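J.: Before anything else, here's the structure in question.
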Amino acid sequence: MLLAYCKCVKVLTMENIQIKRRSHCPISFSLDIFGDKWSLLILRDIMFYNRTHFRDFAPHEHIATNILSDRLGKLEAMNLINKQQDPKLKNQYVYSVTPMGETLLPLLTEMTLWGLEHDPESLASEAFVARAQTEKQKVVREITRSIERNAFADYRSREMGISL
């Protein structure tokens, strides 16, 4: 498969965010949108752990609040997350994943399994990692269902052997 490459810098503008495109390669485009260190972790936190408020994100990965604010704004501008006023706490916002953001769930699941398999310090049980290698599609479906049901924390503990 040949991927297109252009030496000229193209600028993509979405919702007042400008993204310098390196090329017309779809992988490059994806990295231009969410390829920084924090964006996928924020999406993970919303989808996997049901973290929905600004205060929920920063402590877990030690992200600086100015970086967090920037990434949340970028993800919202790219239509990957929604930001709505909290109905109970009027001075706060609730973040949720959009349908477009939900399309990244298979990618995050694959990244999870790849990390479990290749991270020598993985907290998952060896039995789960072995099962993920031999029954990958089944494990992907299980993880996806647990996330859709807001039950990933239970799955992580029960099936993966990770309790935090």
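J.: Please determine, by comparing only the residues of the range 18-51 that are basic (K, R) and in a loop (DSSP other than H, G, I, E, B), which one is modelled with the highest pLDDT.
T.: Of the residues in the range 18-51, the ones basic (K, R) are 20-22, 37, 44, 51.
Narrowing further to those that are in a loop (DSSP other than H, G, I, E, B): 22, 37, 51.
Details: R22: 74, K37: 87, R51: 93.
Among them, the one singled out is R51.
J.: Quick check on this structure: which one of N82, N66 is among the polar types (S, T, N, Q) and either loosely packed, with under 12 Cβ neighbours inside 10 Å or in contact with a Phe, Trp or Tyr (Cβ under 6 Å, 6 or more places away or on another chain) (or both)?
T.: Numbers: N82 fails: either loosely packed, with under 12 Cβ neighbours inside 10 Å or in contact with a Phe, Trp or Tyr (Cβ under 6 Å, 6 or more places away or on another chain) (or both).
Step by step, each of N82, N66 is checked, and only N66 is among the polar types (S, T, N, Q) and either loosely packed, with under 12 Cβ neighbours inside 10 Å or in contact with a Phe, Trp or Tyr (Cβ under 6 Å, 6 or more places away or on another chain) (or both).
J.: Determine, yes or no, whether D56 is farther than 25 Å from I33 by Cα and within 19 Å of the chain's Cα centre (by Cα). Show your work before the answer.
T.: Numbers: farther than 25 Å from I33 by Cα: no; within 19 Å of the chain's Cα centre (by Cα): yes.
In short, no.
J.: Report yes if T103 is among the polar types (S, T, N, Q) and without any contact (Cβ under 8 Å) to a residue 12 or more places away in the chain, otherwise no.
T.: Working: among the polar types (S, T, N, Q): yes; without any contact (Cβ under 8 Å) to a residue 12 or more places away in the chain: yes.
Yes.
J.: Restricted to the range 27-59, and to residues that are within 14 Å of L108 (Cα to Cα) and small (G, A, S), which residue is surrounded by the most Cβ atoms within 10 Å (Cβ to Cβ)?
T.: Here the residue is S39.
J.: Then there is this: What is the number of the single condition among (1) more than 21 Å from W38 (Cα to Cα); (2) outside the structural domain of I33 (by TED's automatic domain parsing) that L116 does not meet?
T.: (1)
J.: Sticking with this structure for a sec: Of all residues in the range 85-95, count the ones that are surrounded by fewer than 14 Cβ atoms within 10 Å (Cβ to Cβ) and either in contact with a strand residue (DSSP E or B) (Cβ under 7 Å, 6 or more places away or on another chain) or among the β-branched types (V, I, T) (or both).
T.: The first filter runs over the range 85-95 and keeps only residues surrounded by fewer than 14 Cβ atoms within 10 Å (Cβ to Cβ), leaving 85-92.
With the extra rule that they be either in contact with a strand residue (DSSP E or B) (Cβ under 7 Å, 6 or more places away or on another chain) or among the β-branched types (V, I, T) (or both), the set shrinks to 85-86.
Residues meeting the conditions: 2.
J.: Another question, then. Report yes if D56 is farther than 14 Å from I147 by Cα, out of contact with any helix residue (DSSP H, G or I) (no Cβ under 8 Å at 6 or more places or on another chain) and of a type in the set (D, E), otherwise no.
T.: Numbers: farther than 14 Å from I147 by Cα: yes; out of contact with any helix residue (DSSP H, G or I) (no Cβ under 8 Å at 6 or more places or on another chain): no; of a type in the set (D, E): yes.
In short, no.
The values are calculated or read from the model by the stated rules, or taken from the named source; none is laboratory data. Just so you know, these numbers come straight off a predicted model, no measurement behind them. Don't worry about glycine lacking a Cβ; one is built from the backbone with ideal geometry, like all the others, and counts go over all protein chains shown.
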